[in-house]
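Worksheet for the structure shown next.
The values are calculated or read from the model by the stated rules, or taken from the named source; none is laboratory data. Everything quoted here is computed from the prediction, not taken from an experiment. Neighbour counts run over all protein chains shown; Cβ positions are idealised from the backbone, glycine included.
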Amino acid sequence: MTPTESRATTASAAPDTAAPDLYDPFTGALLAAASPRTAAVELGLEPPRFCARCGRRMVVQIAPDGWWARCSRHGVRDSRDGSRR
């Protein structure tokens with residue numbers, strides 16, 4: 001069995017009922033251990049830099065009218081998706 005096959009077997013054996021860990025999209029830390037947010041984050045001026053589902057660093061593109069961020073595992077998130085733009 002190759003290492004890839006063993007990882008796939010292990011991943012498929014994991015229960016689907018486990019709740020996903022949530023991460024702070026601005027620091028990448030677990031939400032339980034997240035630090036206070038800066039004023040720019042609170043005002044909606046800073047785009048998320050980390051995926052909230054997996055904590056991975058995202059590719060972020062900032063434009064004059066908004067931003068988009070792409071996680072390699074979970075796809076694209078756009079400033080139009082939220083209430084702030």
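Reported count of residues in region 62-85, each being more than 15 Å from the chain's Cα centre (by Cα) and outside any helix (DSSP H, G or I), is 8. Scanning region 11-30 for residues that are of a type in the set (A, V, I, L, M, F, W, C) and either at pLDDT below 85 or loosely packed, with under 13 Cβ neighbours inside 10 Å (or both) yields A11, A13, A14, A18, A19, L30. Filtered by the rule that a residue be of a type in the set (V, I, T), farther than 15 Å from D78 by Cα and not in a loop (DSSP other than H, G, I, E, B), region 31-61 gives a lone residue, V41. Each residue in region 40-55 was checked for being loosely packed, with under 15 Cβ neighbours inside 10 Å and either hydroxyl-bearing (S, T, Y) or free of Cβ contacts under 8 Å to residues at least 24 places away in the same chain (or both), and 4 of them qualify.
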